[in-house]
1. Rounded to the nearest 500, what is the 222 nm mean residue ellipticity of the chain from helices alone, with -39500 (n - 2.57) per DSSP H run of 4+ residues and division by all residues?
2. Counting just the Cα atoms, what span does region 4-44 cover along each of its three principal axes? Round to the nearest Å and put the largest first.
3. Could you quote the convex hull projected area for the chain, Cα atoms only and averaged over all directions, in nm²?
4. Using the structure shown, select from 69/90; 43/94; 57/90 the pairs with a Cα to Cα distance greater than 21 angstrom.
5. In whole Hz, what ³J(HN,Hα) sequence does region 54-70 give by Karplus (6.51, -1.76, 1.60; θ = phi - 60°), x for Gly and Pro?
6. Tell me which of 49, 12, 23 sits at the most positive position along the dipole axis of the chain, charges placed on C-beta atoms (Lys, Arg +1; Asp, Glu -1).
7. Which whole-Hz couplings ³J(HN,Hα) result when phi for each residue of region 2-14 is put into the Karplus expression 6.51 cos²θ - 1.76 cosθ + 1.60, θ = phi - 60°, listed in order with x for Gly and Pro?
8. So what are the ³J(HN,Hα) numbers for region 80-90, from phi and the Karplus equation (6.51, -1.76, 1.60; θ = phi - 60°), rounded to whole Hz, Gly and Pro as x?
Amino acid sequence: MKDWFGDIYKKHEGKGDFDYLEGKGKPLKREVLEGDVLDRTFKSANVVPDWIERRRKVMKEMETLIALKDHMEPDDYSHRIEQINDLIRKYNKKCPPVMQRGLISPNNLEQRYRSWQ
């Protein structure tokens, strides 16, 4: 199998196309060698994955419901619980499996909120 990428690299290296690169000939920085490449790429590009945005929305909705729960009618409170559970279901479909969360209920709202922090 032909190594077309290697051939292109050697061609440009021979022409000196990489001589201007910052840090040439120096050891790589520790942060370049650690962590997940995809996470670093997202962070440096200021891109937030959809599942993180969904997580923030769920947390905000839970926080609002906790603050308002003593001032709501029981039916309205139950309806808001279901709305948040719908958001959690959507979040669970997008996030990595290890980050999935359980649904909330009137009995566990504050406990679940703490687990999201």
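Derivation of every value follows stated rules applied to the coordinates shown; laboratory data play no part. Keep in mind that what you see is a predicted model, and the values were worked out from it rather than measured. Methodologically, a virtual Cβ is constructed for each residue, glycine included, from the backbone with ideal geometry; neighbour enumeration extends over all protein chains shown.
1. Numbers: 6 runs with 72 residues, N = 117.
So the helix-based figure for the chain works out to -19000 deg cm²/dmol.
2. Its Cα atoms span 32, 24, 14 Å along the three principal axes.
3. Values: hull surface 47.2 nm².
Convex hull of Cα atoms, orientation-averaged projection: 11.8 nm².
4. Details: 69/90 23 Å; 43/94 18 Å; 57/90 11 Å.
Going by Cα-Cα distance, 69/90 fall outside the 21 Å limit.
5. 5, 4, 4, 5, 4, 4, 5, 5, 5, 4, 5, 5, 4, 5, 9, 4, 6
6. The listed residue farthest towards the positive side: 12.
7. The phi angles translate into 7, 9, 5, 5, x, 5, 5, 4, 4, 4, 6, 5, x Hz.
8. 5, 4, 5, 4, 5, 4, 4, 5, 5, 4, 5
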